[in-house]
Amino acid sequence: MDFSLLYYGAQWLAGLIAFVTIWGWLPLDNWWVRGVEFPRIQIMILGIIAWVGMLAFGAEWQLGQWLLFIILSITLAFQLRMVLPYTKLWKKEVKNAKDKPEVQECQLKIMVSNVLTPNDETQKLVDLVKDKQPDILITLETDKKWETALNQIEADYPYTVKVPLDNLYGMHLYSKLELINPEVKYLIIEDIPSIHTQMRLQGGQIIWLYCLHPMPPSPTEADKSTTRDAELLMVGKHIKENNQTAILAGDLNDVAWSKTTRRFQRISGLLDPRIGRHFINTFHVKYPFLRWALDHIFHSACFTVVDIKRMPSIGSDHFPVMTTLQYEPEQASKQESNAPTEKAEDVKEAKNTIEAGKKEGCKVSKEHAEAEEKSDCYGSSTFIKGSD
């Protein structure tokens with residue numbers, strides 16, 4: 001059997017994987033660079049196939065093949081380093097919760113669900129919430145249609161913050177726990193909200209909750225990741241400077257291993273409960289091989305993890321995800337050492353990103369306003385093409 005075609009195919013794939021990985025190292029915020037950060041799992045799998053293929057089907061290697069193999073090995077090691085922390089092979093960043101007699105008062109169940117605005121299967125989410133009974137429900141891309149459908153759960157959720165929008169950035173917060181002075185803020189772009197609130201846990205402790213859904217870098221959305229990065233870093237900086245006990249959750253339109261999310265962790269001091277456990281790949285529901293984690297939760301070191309899992313599909317392009325945390329302040333000092341250490345350049349880079357994000361946000365806000373005005377003239381109800 002002639003294996004030459006397989007060998008040449010492996011070389012071609014190796015070159016592609018090496019190119020894509022190196023391309024992602026470019027210090028640019030353009031979507032066509034930052035988008036490479038998303039499919040690291042898929043890139044790693046294809047890279048392993050290429051690596052094995054070159055070894056299995058290669059004959060006598062020339063200098064070019066050796067150089068390609070070495071470059072592939074380096075890029076593959078890099079991808080593996082990015083992905084490996086989100087497996088059981090890595091040390092847990094957040095400890096497993098301990099059994100406590102007053103466990104009910106200490107635990108907090110948070111469900112995050114990007115519903116996909118055009119999705120009409122509203123009852124699926126309603127039924128899921130009634131079944132799982134989270135203490136906190138954060139919905140994203142919710143408009144008036146979804147708000148009306150979710151009226152069915154309000155008997156169980158006396159505290160609400162509602163921001164119904166038709167631009168795919170609507171947001172709703174439903175809580176069984178008392179919300180203290182909740183605010184809706186538009187940090188970077190004038191029509192993209194975030195919810196900031198204090199919350200009283202069952203044991204009486206007061207913590208902060210931040211719900212975010214920034215605009216993604218994509219050909220149909222933002223040309224750059226600058227506004228998304230700035231919003232996340234702005235909140236992380238605020239949490240650290242005010243020494244807050246906090247939880248941040250939502251569809252961040254970013255992956256946990258991106259340079260921005262890792263910098264956010266270093267600046268905020270918040271922990272990622274997925275590290276040392278498993279991927280929680282929530283997007284895209286319909287394409288199993290093309291899935292990555294866009295829906296996140298980060299929290300202060302005084303929380304441990306009871307459970308974190310992906311929920312069944314509700315007809316959206318995102319799976320809901322539910323995380324159960326346990327308030328254990330006695331673990332804070334031990335877990336703080338697990339948080340990524342802030343680097344010298346992080347503060348400077350975050351400041352530059354936030355400043356650039358505000359400028360870009362003004363530009364995008366103006367574009368949205370002009371597009372809205374134009375769409376009103378033509379009778380259109382929305383001006384944004386899509387949202388991840």
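The values are calculated or read from the model by the stated rules, or taken from the named source; none is laboratory data. Since the model is a prediction, treat every value here as computed from it, not as a measurement. Heads up, the Cβs are rebuilt from the backbone with ideal geometry, glycines too, and the neighbour counts pull from every protein chain shown. For accessibility, only protein heavy atoms count, side chains too; no ligands or nucleic acids. Shrake-Rupley method; radii C 1.70, N 1.55, O 1.52, S 1.80 Å.
Per-residue Karplus couplings for region 126-134, computed as 6.51 cos²θ - 1.76 cosθ + 1.60 with θ equal to phi - 60°, are listed in order as 4, 5, 5, 5, 5, 6, 8, 6, x Hz, Gly and Pro entered as x.
Legend: distances between Cα atoms for 109/237; 91/334; 109/132; 124/145; pairs beyond 20 Å are 109/237. Spin-label pair residue 105-residue 16: with each label point 7 Å from Cα along the Cα-Cβ axis, the two points sit 5.8 nm from one another. In the context of the full set of protein chains, residues of region 1-106 present 61 Å² of accessible surface per residue (probe radius 1.4 Å, heavy atoms only).
P(r) tail for region 1-128: Cα pairs beyond 22 Å make up 60% of the total.
In this structure residue 279 has an accessible area near 70 Å², from a 1.4 Å probe over the protein heavy atoms.
Among 44, 54, the sequence by solvent-accessible area, most first, with a 1.4 Å probe is 44, 54. In a simple Cβ point-charge model (Lys, Arg +1; Asp, Glu -1; nothing else charged), region 25-111 has a dipole of about 300 debye relative to its Cα centre.
Counting protein heavy atoms only, region 133-234 has 45 percent of its accessible area on carbon and sulfur, 1.4 angstrom probe. Net charge dipole, region 264-354: roughly 320 debye, given to the nearest 20, about the Cα centre with Cβ charges of +1 for Lys and Arg and -1 for Asp and Glu. In this simple spin-label approximation, residue 96 and residue 166 carry label points 7 Å from Cα along the Cα→Cβ vector, and these lie 5.1 nm apart. At what distance in angstrom do the alpha carbon centres of region 1-31 and region 80-100 lie from each other? A separation of 30 Å, based on Cα centres.
Given the choices (i) 29, 27, 19; (ii) 31, 23, 20; (iii) 36, 26, 21, semi-axes √(5λ) of the Cα gyration tensor in Å derived from the coordinates of this structure is entry (iii).
Principal-axis analysis of the Cα atoms of the chain puts helix 344-377 at an angle of about 70° to the longest axis. Full extension of the chain segment joining residue 155 with residue 345 gains 63.6 nm, where the gain is 0.36 nm per residue of separation less the Cα-Cα distance. Approximating the spin labels as points 7 Å out from Cα along Cα→Cβ, the residue 49-to-residue 132 distance works out to 3.1 nm. Amide H contacts of residue 245: 208, each under 5 Å away and 5 or more positions distant or on a separate chain (H built 1.01 Å from N in the peptide plane; Pro and chain starts excluded). The length gained on full extension between residue 5 and residue 375, counted as 0.36 nm times the residue separation minus their Cα-Cα distance, comes to 127.9 nm. Between residue 202 and residue 87, the C-beta separation translates, for a Förster distance of 35 Å, into a calculated FRET efficiency of about 0.60. If I build a Gaussian network model for the chain, linking alpha-carbon pairs within less than 10 angstrom, which residue out of 155, 301, 222 has the largest mean-square fluctuation? Taking springs between Cα atoms under 10 Å, the residue moving most is 155. Separation of region 293-351 from region 218-276 is 10 Å, based on Cα centroids.
Please report the relative contact order for the chain, taking Cα pairs under 8 Å with a sequence separation of at least 6, and give it as a percent rounded to a whole number.
19
Basic side chains Lys and Arg get +1 at the Cβ, acidic Asp and Glu get -1 at the Cβ, and with that the dipole of the chain about its Cα centre reaches some 1120 debye.
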